[in-house]
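Undergrad: Next up is a structure, given as structure tokens.
The values are calculated or read from the model by the stated rules, or taken from the named source; none is laboratory data. Everything numeric here is computed off the predicted structure, so don't read it as measured data. Cβ coordinates were reconstructed from backbone atoms using ideal geometry, including for glycine residues, and neighbour counts include every protein chain displayed. Surface areas here come from the heavy atoms of the whole protein model, side chains and all, with no ligands, DNA or RNA. Shrake-Rupley method; radii C 1.70, N 1.55, O 1.52, S 1.80 Å.
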Amino acid sequence: MAKRSFAEEINSIQLMIAGMRKNESELSLPISIADFEQLVSDALAEDRRQEELKAETQQSTERLNKIMKGLKEKTSRITSAIYGQYGKKSEKLEDFGIKPWKTGRRSAKASES
């Protein structure tokens, strides 16, 4: 059996509460109707809070992606400037966390082809 959605669960519980209210004089329940309604109200409030947090998270992700794009562009420009100053094969590049380019030696098998 498929799991019911939050909305379906709440609707089902609200129908139960309506029936409890209608037959309140006949029922002997282990929890008061008011306490039960408060739990439903708390669940609805928490669901709204989750939706707000999802929206905030989405906005934060968009801001972070924009910042990271700018950071990557600046990193590329700085890397190019460092290459320009030290060359692409200099050991000094390692000070900046950049691997020096290796000299392109062809293997003997590649030159025979």
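Undergrad: Give the stretch 86-99 a look and list any residue that's in a helix (DSSP H, G or I) and exposed (fewer than 10 other Cβ atoms within 10 Å of the Cβ), or say none.
TA: Glu91
Undergrad: A follow-up question, please. Could you say which residue among Gln38, Gln58 is open to solvent by 100 Å² or more (accessible area, probe 1.4 Å), in a helix (DSSP H, G or I) and either at negative phi or aromatic (Phe, Trp, Tyr) (or both)? Give the derivation first.
TA: Numbers: Gln38 fails: open to solvent by 100 Å² or more (accessible area, probe 1.4 Å).
None of the other options fit; the residue is Gln58.
Undergrad: Take Lys3 and tell me if it is of a type in the set (Lys, Arg), surrounded by 10 or more Cβ atoms within 10 Å (Cβ to Cβ) and part of a loop (DSSP other than H, G, I, E, B). Working first, answer last.
TA: Values: of a type in the set (Lys, Arg): yes; surrounded by 10 or more Cβ atoms within 10 Å (Cβ to Cβ): no; part of a loop (DSSP other than H, G, I, E, B): yes.
So Lys3 does not fit the description; no.
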